[in-house]
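Scroll down for the structure; my scribbles are underneath it.
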Number of protein chains: 2
Amino acid sequence: MTRFSGYFPILGWAGDYNRSALASDLVAAMIVTVMLIPQSLAYAMLAGLPPQVGLYASILPLVAYAVFGTSRTLAVGPVAVVSLMTATAVGEVATQGTQAYLAAATLLALISGMALIAMGLFRLGFVANFLSHPVISGFITASAILIAAGQLKHLLGVSAGGHTLPEIVGGIAGELGSINPSTVAIGAAALAFLYFVRLRLKRLLIGAGLRPRAADIVTKAGPVAAVAATILAAHILDLGSRGVALVGIIPQGIPAPALPVFDFDLVRTLAAPALLISLIGFVESVSVAQTLATKRRQRIIPDQELIGLGAANIAAAVSSGYPVTGGFARSVVNFDAGAETQAAGIFTAVSIALATLFLTPLLTDLPQATLAATIIVAVLSLVDLGAIRRVWIYSRADFSAMAATVAGTLFLGVEVGIVMGVGLSLVLHLYRTSRPHMAVVGQVAGTEHFRNIERHEVVTCQDVLSVRVDESLYFANSRYLEDRIAELVAQRPQLRHVVLMCSAVNAIDASALESLEEINRRLRDGGITLHLSEVKGPVMDRLKRSHFLEELEGGVFLSQYEAMAQLQCEREPVPA
Amino acid sequence: MTRFSGYFPILGWAGDYNRSALASDLVAAMIVTVMLIPQSLAYAMLAGLPPQVGLYASILPLVAYAVFGTSRTLAVGPVAVVSLMTATAVGEVATQGTQAYLAAATLLALISGMALIAMGLFRLGFVANFLSHPVISGFITASAILIAAGQLKHLLGVSAGGHTLPEIVGGIAGELGSINPSTVAIGAAALAFLYFVRLRLKRLLIGAGLRPRAADIVTKAGPVAAVAATILAAHILDLGSRGVALVGIIPQGIPAPALPVFDFDLVRTLAAPALLISLIGFVESVSVAQTLATKRRQRIIPDQELIGLGAANIAAAVSSGYPVTGGFARSVVNFDAGAETQAAGIFTAVSIALATLFLTPLLTDLPQATLAATIIVAVLSLVDLGAIRRVWIYSRADFSAMAATVAGTLFLGVEVGIVMGVGLSLVLHLYRTSRPHMAVVGQVAGTEHFRNIERHEVVTCQDVLSVRVDESLYFANSRYLEDRIAELVAQRPQLRHVVLMCSAVNAIDASALESLEEINRRLRDGGITLHLSEVKGPVMDRLKRSHFLEELEGGVFLSQYEAMAQLQCEREPVPA
């Protein structure tokens, strides 16, 4: 029962739900709704989908997350990076504006949802560890630049496409002749207003006596104000007839739940992008959820978060939506507005549903340039060039992985970029651990301690070589161990014994075991005996499952001191 | 000069060359030649190439390795697994028996050689570490089974193709009606004779008074005896007219050196298989070379081995050959026969060249079934089912990677198999290290030691939590660290301080740094101070390059004892 209820976190909080939580959650839901409506429309446009799809993706998915998610304050829905990845993935199998494009987007949500749930049930969340911080950070910065560049066409009123920076810039450059002045005017006004709201308004409001948190929340309503003002302007000035692209008629009502058409070939094509979208969405979402939970000393359960986000995506798929995940800005707003439980998400879903049913006629005259401005302002805050500099200073290896991700994403596309970054960080990790620190050790005179002969004044023997390895032994470094031992032995013609000091070895995998067997055999053939010392308990337990300890020519000593005492080595003169 | 001469190991040994070494090397070369001739013909057939190509690949490559290689006794040339991989790779771009097939095989050797040399010059030999022992071992076993199955058609005298076990078995099953009895008879006789030689002859010879080493070498001449006997039989009984497939006329002479045709599209298609062939060949070759070198306390230099093998492959490419590497059996024979320097390889090359010039007319009547029998006997000794069992007992994780490699190779082909094995072993490694051992520690009463509270009777505090992490912190486990700390904090409402004990942390990468910053921020927001203790010198140096130490709310203590003394914790009652 406990295991079962673990899959339904709602059973944990719904029972204790009270009037005070209800009030807080309702207020938070109203504020998030105001923020979410323009975002939903804008990110749907970014994904190449009709605006109402963004609204659909902000209803059922929120309810599903409220039932299955463990974060009390995470706000799910369409987000910028996932929308860009959706546009890329779906753009490869269908043309924007067609029914096939819509179908592919919902199918993508379905595959992504199933992948997330599968990862959750099989506790495969660790796969997200493949995405290192520098890779994620570089990917988000590069995606934000791509997204902002891609929105320029809406601000200029030209039509251009492309999935990489050169394609986008080239496309816009080719259309500079057909810029629409009215569109530029409305876009520039929206952009200026939104930047003013973001950079100045909060300080002005605080100066006028508003509490900082309230000022913060009012600030988040900026996009809604921009939407309202530009709708009004478009309506009064009849901007539609001046060539300004408007959102147009949005179908009222909510589509009946339906499963996406399951085309097996399409599933195969979309599987890899769906997995990437799932992982990126999960990593981002968990990071926000973790941050907010710790502030209130609450807990989230990452494996259950996979199920929560998976359920949200399947809900998106059955309600004609597209892939969703937890959004950073809106979760912070939800938290700051005082949301106490996942019920805030359900209330948000209800208000979005009401808006979809009754407010959509008001959006007909909304200029697309306003949405583009909203997107640009939102995503440019994700560009973190400082992070690139910090990683450069901290570690060149991490920087290379980050640089590969940024360059790959900008110039070859989002999927290639992320795969390049992950591949390079794996290779670099393997490189780092493939050459572990190994020290030839000697006895510190008068003690039982053995230290690196290069750093300390120690006593060594001519016929016994003691080597300490400062790393667990596994496939990436097992051959290096073989090579290093071979090298050390080749330099010492009088050698009779080699003692491998294993105090820092936490694990020995099958590759390393075979290397040890090989080292033992080779040394034996060369007339040298291999011994081990200070082998940890769990490592020893595992070695006992193999024949290595029987084949080992020498002994396994509890301490390096004991080894040296038993081997009665011929002391070398202490270096002067 | 030293660096330069490092690239030409021949400069190191040719100067000291003397008459005694000459005598030893000449004897070894003769014995290796006897073994190499039937192998060259057989492996060329396995690669889908005319028999003379195997001879060409056993001349210049040996000379190139003698100049650039660091192993004194490694014998390079065509080997079974690489020949199979060649057949697979080239089979995808050309049809057997065509000029295009030949050209693609030499191009494959060229790409493989250039890849090896590039890896050697840039010291990228560590890439071979991606191939864990269980993956290699599983791959060789599965390849050997595939090769043996693929030769059955030659033993039965039927024509069938296929690159996977089901294809091969299905192909032969469909041809069972057209079995050629004479071919079966000659094949079965050759197979029986070769197995007799391998399993019995050595013991008989030793029983008859021969020294074991000499008996061993005579045994290796078994294939030549089989070749001679079956040629004679085919000639006398006119087996060719009875439908027995014979080798046919082999062009006499050695082709003039020429570069393979460089077709860019073809290069792109062959690049990935060429890289796999290079890595597999390198790993196998270095393992043999290392084993033999250590026996005589000599050294090989793995990065220079890449250059040596690369030179050998380029030599193969310019002399109409195909990919080569160091062979296990023939290197052992070379070593046992007393080879002292790389000159033995040059002498072997000269004898193979002479054989190519003068002996090939004798091979016209050689039945292909004899070569198939040679291959089967040679490769079945590579099948190591015991290794699979040992890995199963030792580690289930390693076993899964091995099983994936075996199944992938047998049922989906050699390239898919190796990629599946490598991929899975990386994922499993990440999984293993993504959940490092973390212990909450307390003070052993009356000492300055801090131990795991679950294993020792220790004193802890209500408001201070001390956690020790037993692993370097990097991207694979940084999020786990965040999750674990969040979990531990959520359980302890009275907490004011968290001390992270870093005695076992050898490195902190940029991902882990960011996680630490995040943990610091989150704890601060929750009213808890993060401290570090026992940070190693190199780790501290790196942390100083970041702003973490300035942002850190708490202190960095030299020892855990000092940390606890300073934090003046409220002692919890000692558990009874």
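The peptide list B:10-16, A:91-97, put in order of mean Cβ contacts within 10 Å with the highest first, becomes A:91-97, B:10-16.
With contributions of -39500 (n - 2.57) from each DSSP H run of at least four residues, the per-residue ellipticity at 222 nm computed over chain A stands at -19500 deg cm²/dmol.
What the Cβ-Cβ distance of A:L558 and B:A228 gives, at R0 = 56 Å and to the nearest 0.05, is a FRET efficiency of 0.40. With a Förster radius of 35 Å applied to the C-beta separation of B:H235 and B:A23, the computed FRET efficiency comes to 0.45. The alpha carbon centroids of segment A:497-537 and segment A:16-44 are separated by 61 Å. Placing a label point 7 Å from Cα along the Cα-to-Cβ direction at B:P251 gives distances to the equivalent points in the other copies of 6.9 nm, listed shortest first. Dividing the Cα radius of gyration of segment A:438-567 by its Kirkwood radius returns 0.93 for Rg/Rh. Going by a ≥ b ≥ c, the root eigenvalues of the Cα gyration tensor, does segment A:326-404 fall in the rounded group (a/c under 1.5), the prolate group (a/b larger than b/c) or the oblate group? In terms of gyration-tensor shape, oblate. For the protein assembly as shown, a Kirkwood radius taken over Cα pairs fed into Stokes-Einstein (25 °C, viscosity 0.890 mPa s) yields D = 73 µm²/s. For the rotation carrying A onto B, the chain A residue whose Cβ lies nearest the axis, with the distance in whole Å, reads A:L426, 3. Per-residue Karplus couplings for segment B:205-212, computed as 6.51 cos²θ - 1.76 cosθ + 1.60 with θ equal to phi - 60°, are listed in order as 5, 5, x, 7, x, 6, 5, x Hz, Gly and Pro entered as x. In this assembly of identical copies, the label point of B:D16 (Cα plus 7 Å along Cα-to-Cβ) is separated from its counterparts by 7.8 nm, sorted shortest first. In plain terms, if you count all Cα to Cα distances in segment A:169-300 and split them into 10 Å steps from zero, the share in each step is 9, 18, 23, 32, 16, 2, 0 percent.
Placing +1 on each Lys and Arg Cβ and -1 on each Asp and Glu Cβ, with no other charges, gives segment B:411-465 a dipole about its Cα centre of roughly 140 debye. Counts of other chain beta carbons within 10 angstrom of each beta carbon in peptide A:522-530 average 3.
Seen from B:A228, the other residues with C-beta closer than 15 Å to its C-beta sum to a net charge of 0, counting Lys and Arg as +1 and Asp and Glu as -1.
The lysines whose alpha-carbon is closer than 16 Å to the alpha-carbon of A:K220, local same-chain residues fewer than 8 away aside, are A:K202.
Multiplying the residue separation of B:R389 and B:Q99 by 0.36 nm and removing their Cα-Cα distance gives an extension gain of 100.0 nm. Could you tell me which of rounded, prolate or oblate describes segment B:85-169, using a ≥ b ≥ c as the square roots of the eigenvalues of the alpha-carbon gyration tensor, with rounded for a/c under 1.5 and, failing that, prolate when a/b is larger than b/c and oblate otherwise? Here segment B:85-169 falls in the oblate category.
A Cβ-based charge dipole, computed about the Cα centre of chain A with Lys and Arg at +1 and Asp and Glu at -1, lands at about 1720 debye.
Between the Cα long axis of helix B:99-121 and the first principal axis of chain B there is an angle of about 40°, rounded to the nearest 10. In loop segments of segment B:476-576 as defined by DSSP, the GluC sites (Glu not before Pro) with at most 11 further C-beta atoms inside 10 Å of their C-beta are B:E570. Legend: calculated FRET efficiency, A:R203 to A:E454, from the Cβ-Cβ distance at R0 = 60 Å, rounded to 0.05, equals 0.55. For chain B, the longest principal axis of the C-alpha atoms and the axis of helix B:343-358 are separated by about 30°.
Simple rule: put +1 on each Lys or Arg Cβ and -1 on each Asp or Glu Cβ in segment B:2-426, find the dipole, and look at B:V224, B:T98, B:I145; the Cα lying farthest toward the positive end is B:V224. Counting Lys and Arg as +1 and Asp and Glu as -1, what is the net charge of the other residues whose Cβ lies under 14 Å from the Cβ of A:T86? Around A:T86, the surrounding residues sum to -2. The lysines whose alpha-carbon is closer than 26 Å to the alpha-carbon of B:K536, local same-chain residues fewer than 8 away aside, are A:K536, B:K544.
Ordering of A:386-397, A:406-417 by packing is A:406-417, A:386-397, highest average first (other Cβ atoms within 10 Å, averaged per residue). With the simple spin-label model, which puts each label point 7 Å out from Cα in the Cβ direction, the A:Q491 to B:L380 separation comes to 4.8 nm.
Amide H contacts of B:S466 (H built 1.01 Å from N, in plane; Pro and chain starts excluded): B:V441, B:V499 sit under 5 Å, all sequence-distant by 5 or more or on other chains. Shown in residue order for segment B:540-551 are the 3J(HN,Hα) couplings computed by the Karplus curve 6.51 cos²θ - 1.76 cosθ + 1.60 at θ = phi - 60°: 4, 4, 5, 4, 5, 6, 10, 8, 4, 5, 6, 6 Hz (x for Gly and Pro).
Taking a sphere under 14 Å around the Cβ of B:P212 and counting the other residues whose Cβ falls inside, with K and R at +1 and D and E at -1, yields a net charge of +3. Our coupling estimate for segment A:289-306, obtained by passing each phi through the Karplus curve with A = 6.51, B = -1.76, C = 1.60 and θ = phi - 60°, is 4, 4, 4, 5, 5, 5, 4, 10, 6, 9, 10, 10, 10, x, 5, 6, 4, 4 Hz, Gly and Pro reported as x.
Averaged over peptide A:426-435, the number of partner chain Cβ atoms lying within 10 Å of each residue's Cβ comes to 5.
Projecting 7 Å from Cα along the Cα-to-Cβ direction, the label point of B:F122 sits 3.4 nm from its equivalents in the other copies, listed shortest first. Straight-distance candidates among the aspartates and glutamates for linking to A:K153, with alpha-carbon spacing under 12 Å and chain neighbours fewer than 8 residues away dropped: A:E175. Taking the 0 to 90 degree range and rounding to the nearest ten, how far is the long axis of helix B:396-412 tilted relative to the main principal axis of chain B, both from C-alpha atoms? Its long axis makes an angle of about 40 degrees. With the cut-off at under 20 Å, measuring from each backbone N in segment A:220-235 to a point 7 Å along the Cα-to-Cβ line of A:R242 picks out A:226-235. Compute the Cα gyration tensor for chain B, then decide on rounded, prolate or oblate, letting a ≥ b ≥ c be the square roots of its eigenvalues: rounded whenever a/c is under 1.5, prolate when a/b is larger than b/c in the other cases, and oblate in all that remain. Here chain B falls in the prolate category. Neighbouring Cβ atoms from other chains, within 10 Å of the Cβ of residues in B:486-493, number 3 on average.
Bear in mind these aren't lab numbers, they're just calculated from the coordinates by the rules spelled out. What you are looking at is a predicted structure, and each value in this text was computed from that prediction instead of being measured. Ideal geometry is used to build each Cβ from the backbone, glycine not excepted, and the neighbour counts take in all protein chains shown.
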